[in-house]
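A.B. asks: One structure is given below, represented as structure tokens, and several questions about it will come after.
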Amino acid sequence: MSYYTFLNLVPSLSIVVSGVLVVLGLIEIKTKRRIHIHRNLMLSASFFAVLFLTLYIIKYFTFGPKEYRGNMRNLYLAVLFVHSLLASLNVPLVIITIFLALRKKFTLHKKVAKITAPTWIIVALTGWIIFVFLTFGE
């Protein structure tokens, strides 16, 4: 496996795992209320998100950005805009949400998490859509 293939495959898989873990963490806290399992799922989701971001930045600075050359450029740019905006908001939201949980400030944690979780899921979904655009859109 080439370095470029690795830097395409591993971040893509890690963000899929992150998104799935977020959804499972939400299901766990909403239905079964097993806080320890919820915590482990969300911290694992955060780890995979950091792994994605680290590898994505390495790929970006090593190989540069990949340009979309398909015939749905306006749709691609709209999805990319929403993704980029929400992703930049999501990083501090995740940090604040985790901080509040670790400090056991659960009332405030719940309020912030109601914004963080859907934002995180939208960022993951739009990221996967961008990946499909860039992979199959040429």
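A.B. asks: Using only Cα atoms and rounding to the nearest 10 degrees, what angle (0 to 90) does helix 35-63 make with the longest principal axis of the chain?
C.D. replies: 20 degrees
A.B. asks: Going by alpha carbons, how many degrees (0 to 90, nearest 10) lie between the helix axis of 73-102 and the longest principal axis of the chain?
C.D. replies: 30 degrees
A.B. asks: Give the order of Ser14, Ser84, Ser2 when sorted by the count of other beta carbons within 10 angstrom, beginning with the fewest. Numbers along the way, then the final one.
C.D. replies: Numbers: Ser14 20, Ser84 13, Ser2 7.
Ascending number of Cβ neighbours within 10 Å: Ser2, Ser84, Ser14.
A.B. asks: I've got another one for you. Tell me, rounded to the nearest percent, the portion of alpha carbon pairs in the range 1-77 spaced more than 14 Å apart.
C.D. replies: Working: 1996 of 2926 pairs.
I get 68 percent for the Cα pairs in the range 1-77 exceeding 14 Å.
A.B. asks: If you build a Gaussian network model of the chain, linking Cα atoms that sit under 10 Å apart, which residue out of Gly127, Gly64, Gly25 swings the most?
C.D. replies: It is Gly64.
A.B. asks: Give me Ile122, Ile35 sorted ascending by neighbouring Cβ count inside 10 Å, so fewest comes first. Working shown, then result.
C.D. replies: Details: Ile122 15, Ile35 12.
Neighbour counts put them in this order, fewest first: Ile35, Ile122.
A.B. asks: Among Met1, Met72, Met42, which comes first, then next, by fewest other beta-carbon atoms within 10 Å?
C.D. replies: Numbers: Met1 8, Met72 12, Met42 25.
Lowest count first: Met1, Met72, Met42.
Laboratory data are not the source of any read-out in this text; all were calculated from the coordinates shown. Keep in mind the model is a prediction, meaning the values are calculated, not measured. Reconstructed Cβ throughout: ideal geometry from the backbone, glycine too, with neighbour counts over all protein chains shown.
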